[in-house]
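Colleague: Pasting in a structure now, in structure tokens, and then I'll have a few things to ask.
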């Protein structure tokens with residue numbers, strides 16, 4: 001279809017295209033209807049935005065048709081969309097809206113209770129599923145995509161398009177800036193690398209307030225002329241039904257969505273669908289293999305820093321477990337976060353298991369030019385990302401002898417056990433091989449005397465009960481499980497706690513530690529047998545922390 005410099009140009013290309021462009025439950029819109037609806041909303045937005053105000057609007061919606069319509073409208077109007085997370089509450093929710101200088105907030109009746117009592121001065125609220133909203137739009141229907149532009153602000157590649165919040169373990173979320181040019185380029189790149197076709201249907205089941213769904217699902221569909229299908233919120237039980245009903249060929253995933261799909265009951269028709277590809281992060285090699293074996297769908301693990309500062313592209317010779325090689329123009333290196341020195345190349349065994357993690361794992365940095373466009377009104381965070389003239393991703397990687405890069409977790413997920421640095425994701429990848437586990441999370445809990453201990457939370461497969469002997473035997477059989485990697489504590493849960501973007505809620509897990517309401521199994525001695533942690537054990541451990549002056553490090557429990 002040819003490249004485009006802006007998202008607005010991609011939206012305008014839909015004009016006159018009568019093919020199906022969007023499906024959601026009983027609603028079907030053509031590409032032309034999407035462009036027309038976007039033009040009407042863009043014209044309304046231009047009239048609603050105060051003169052001289054930042055052209056920003058907040059979108060507090062589930063994955064309804066209004067979300068992509070307003071993304072397209074913002075592109076035409078030269079405005080920026082701030083995706084507002086509906087799992088935020090009270091002052092934190094108000095902070096997200098006010099921090100991004102939104103003058104218009106688009107929401108729906110289901111989310112109106114979230115706004116009760118919030119001070120949002122000068123913000124016009126539009127409620128999409130009301131007659132009042134439709135009456136506002138009616139005078140603008142019939143507008144064409146080229147007719148709506150914020151006065152005095154021409155739309156170009158550098159025009160702000162997204163202010164999307166990046167998730168983090170501490171502090172307020174940061175609003176990363178993404179321009180129309182960068183988003184259009186990202187969409188075009190994925191069209192090429194993933195082979196997006198005009199007859200494809202992209203199933204958007206990840207939340208659209210998050211960058212993954214917009215950048216990796218909506219944008220390549222728009223750039224490639226493909227249709228989209230929406231699910232209001234991710235549902236593992238409804239996934240295959242939707243895929244079949246919409247004829248979906250592609251989807252994206254984040255975090256534990258793949259594990260939830262694998263945990264659904266197997267059925268004879270699991271391969272009866274048109275789906276051919278899933279693209280995302282954090283599935284893990286073990287679960288990706290299980291997914292392909294069961295559903296016949298290949299999962300491609302990709303990597304692109306949320307802020308755009310680094311990208312890794314998969315090549316045909318990328319080995320299992322690796323992400324790929326640096327994108328053209330990126331000078332990526334794996335370095336020691338403290339010294340900036342490059343880490344040793346990884347040593348892998350015949351099964352691809354990492355044997356020298358303590359020497360090979362480091363933070364991924366981009367030492368060359370990169371398209372990071374900054375954070376909205378957060379100079380300190382922006383400077384930290386760009387320290388020393390490099391872009392610091394905040395992600396842990398290792399590089400094999402052939403130059404392929406392998407994801408090893410977040411820098412926030414590092415553990416220091418007996419003076420040895422470990423990556424939680426590497427331990428998770430090993431524990432994911434345990435046949436009884438449906439999902440696994442690994443994180444640090446403080447050691448009573450110094451450093452950390454390893455704790456794992458495990459969600460078991462249906463019908464399975466935790467066997468400490470079986471688990472201990474499994475650990476003993478893992479050749480790449482280092483002497484410091486075995487969990488001291490194993491928490492057993494029915495369902496893994498996750499954030500709104502289906503990432504494991506590690507903040508909550510770390511906060512609760514071993515003093516939680518679920519069953520916890522404990523190995524008091526390194527590589528020793530596991531036994532059930534009792535109230536007496538917890539009391540004795542708490543006293544030990546206090547004796548070392550570290551009781552304040554324990555979670556609320």
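Colleague: Taking the DSSP beta bridges in the chain as the whole, what percent of them are antiparallel, to the nearest 5?
Modeller: Working: 51 of 86 bridges.
Within the chain, antiparallel bridges account for around 60 percent of the total.
Colleague: If packing is taken as the average count of other Cβ atoms within 10 Å, what order do 462-468, 273-279, 208-214, 121-127 fall into, highest mean first? Each step should come with its number before you reach the end.
Modeller: On the way: 462-468: 11.4, 273-279: 18.6, 208-214: 25.4, 121-127: 14.4.
Ranking the peptides 462-468, 273-279, 208-214, 121-127 by packing returns 208-214, 273-279, 121-127, 462-468.
Colleague: Residue 135 to residue 241: extension gain in nm, 0.36 nm per residue of separation minus the Cα-Cα distance? Please report the intermediate quantities before stating the final value.
Modeller: Numbers: separation 106, 0.36 × 106 = 38.16 nm, distance 3.49 nm.
That pair, residue 135 and residue 241, stretches by 34.7 nm at full extension.
Colleague: I've got another one for you. Once you sort the root eigenvalues of the Cα gyration tensor of segment 295-350 as a ≥ b ≥ c, which label holds: rounded (a/c under 1.5), prolate (a/b larger than b/c) or oblate (the other case)? Before the final figure, lay out each step's value.
Modeller: Values: a/c = 2.26, a/b = 1.37, b/c = 1.65.
Judged from the Cα gyration tensor, segment 295-350 comes out oblate (a/c at least 1.5, b/c at or above a/b).
Colleague: Turning to a different aspect of this structure: 222 nm [θ] for the chain, helices only, -39500 (n - 2.57) per DSSP H run of 4+, per residue, to 500? Can you show the working numbers first?
Modeller: Values: 17 runs with 151 residues, N = 557.
Roughly -7500 deg cm²/dmol at 222 nm, from the helical runs in the chain.
Colleague: Moving to a separate point now. Over segment 7-180, how many percent of alpha carbon pairs lie in each 5 Å bin up to the one with the longest distance?
Modeller: The percentages, shortest bin first, are 1, 9, 17, 22, 21, 16, 9, 4, 1, 0.
Colleague: Modelled label-to-label distance, residue 338 and residue 473, 7 Å Cα→beta-carbon offset: nm?
Modeller: 4.1
Colleague: Please report, largest first and rounded to whole Å, the three semi-axes of the ellipsoid equivalent to segment 323-413, where each semi-axis is the square root of five times an eigenvalue of the C-alpha gyration tensor.
Modeller: Values: eigenvalues 131, 38, 23 Å².
Taking √(5λ) for each eigenvalue gives 26, 14, 11 Å, largest first.
Colleague: Let me ask something additional. Based on a Kirkwood Rh over C-alpha pairs, give the Stokes-Einstein translational diffusion coefficient of segment 420-553 at 37 °C and viscosity 0.692 mPa s in µm²/s. Let's see the in-between values first.
Modeller: Values: Rh = 15.3 Å.
This corresponds to a translational diffusion coefficient of 215 µm²/s.
Colleague: Oh, and also: Based on alpha-carbon centroids, what's the gap between segment 374-450 and segment 61-79 in Å, whole number please?
Modeller: 34
Colleague: Over 23 Å, how big is the tail of the calculated P(r) for segment 116-274, in percent of all Cα pairs?
Modeller: Details: 7062 of 12561 pairs.
Considering segment 116-274, 56 percent of its Cα-Cα pairs are separated by more than 23 Å.
Colleague: Let me ask something additional. Using a basic spin-label model with each label point 7 Å from the Cα along Cα→Cβ, how many nm lie between residue 27 and residue 232?
Modeller: 1.2
Colleague: Suppose R0 equals 56 Å. What FRET efficiency, 1/(1 + (r/R0)^6) with r the Cβ-Cβ distance, do residue 98 and residue 356 give to the nearest 0.05?
Modeller: Plugging the Cβ-Cβ distance into 1/(1 + (r/R0)^6) gives 0.70.
Colleague: How long are the three semi-axes of the equivalent ellipsoid of the chain, in whole Å, if each is the root of 5 times an eigenvalue of the C-alpha gyration tensor, listed from largest down? It would help to have the intermediate numbers written out before the result.
Modeller: Working: eigenvalues 344, 128, 116 Å².
Ellipsoid half-lengths, sorted descending, are 41, 25, 24 Å.
Throughout, read-outs are computed from the coordinates displayed, never taken from laboratory work. The shown structure was predicted, so the numbers you read here are calculated from the model rather than taken from an experiment. Glycine also receives a Cβ, built like all others from the backbone with ideal geometry; neighbour counts cover every protein chain displayed.
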